[in-house]
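Note sheet for the following structure.
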Amino acid sequence: MESHIVAPADMTLDELRAALAPLLPANAVFDGWSDRALELAALELGVPADRARLCFPDGPVQMIDAWFDAIDLQMARAFPLERIQAMKIRQRIRDLVLYRIEVIHPHKEALRRALALLALPQNAMTAARLAWRAADRMWRIAGDRATDFNHYSKRGILSALYMSTMLVYLDDEGDDLVVTRGFLDRRIDDVMGFEKLKAQWKGSRHRLPSLSRFLGRLRYPTI
């Protein structure tokens, strides 16, 4: 059954925002995350610029948010369940992070401009939210269903790993991104080593001496 395709002129604002989002970075490379970049994306899609502006009342940061959201959706389509299930967890996270970089790579300068905007103090909360959202979606695609503290710790670690990798990527001038890939592999190795150590510690807790029993014996020594 064929999916129904909605013409741009008939789209709701939400649909139009999603359609404009992937077109924005190519224009932001030259014009920044500006009204001009939005006008050019609207022209490419074939909708009036005034209507396109209604999709982004909060301006450039909302455009960046929409672009990152479009990347998330593209990533989800690229990693269906049958593809993910064939990978070990380390490979899942590595491939998901690298996929995002590969999608962004043609628009590297747009990313540089986006991160510069998000680095402004007034955008700090939004930047943190977007990094967390990316990590959350990567973990969900990877199959994580944790609801306890691990849910938050995994996402916190991955958001930090992802952002540090993106900063390395921005300075990586090689076409094959060897520096970026190497950095990512080392950071994942660090995280996996920490998780293994944590699991070993949890498994050995029952063998650790009990502080309460020790204090009790000091108070009531055995005869």
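Tabulated results
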| quantity | calculated |
| --- | --- |
| Region 6-148: relative contact order in percent, alpha carbon pairs under 8 Å with at least 6 residues between | 27 |
| Cβ-Cβ FRET estimate between LEU167 and ASP50, R0 fixed at 30 Å, reported to 0.05 | 0.25 |
| Computed E for ARG145/PHE30 - FRET, C-beta separation, R0 45 angstrom, nearest 0.05 | 0.60 |
| Global form of region 99-156, assessed from the alpha-carbon gyration tensor, a/c cut-off 1.5 | oblate |
| Region 17-65 shape via C-alpha gyration tensor axes, a/c threshold 1.5 | rounded |
| Low-density loop cleavage sites - trypsin sites (Lys or Arg not before Pro) in region 114-176, where at most 15 other Cβ are within 10 Å (DSSP) | ARG145 |
| Relative contact order (percent, whole number), region 1-88, Cα cutoff 8 Å, 6+ residue spacing | 30 |
| Inter-label distance for GLN74 and VAL178, nm, one decimal - labels placed 7 Å from Cα along Cα-to-Cβ | 2.7 |
| For region 1-105: rounded, prolate or oblate by the Cα gyration tensor [a/c cutoff 1.5] | oblate |
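Coordinate-derived values only; no laboratory data. Fair warning: this is a prediction, and the values are worked out from it, not measured in the lab. Glycine also receives a Cβ, built like all others from the backbone with ideal geometry; neighbour counts cover every protein chain displayed.
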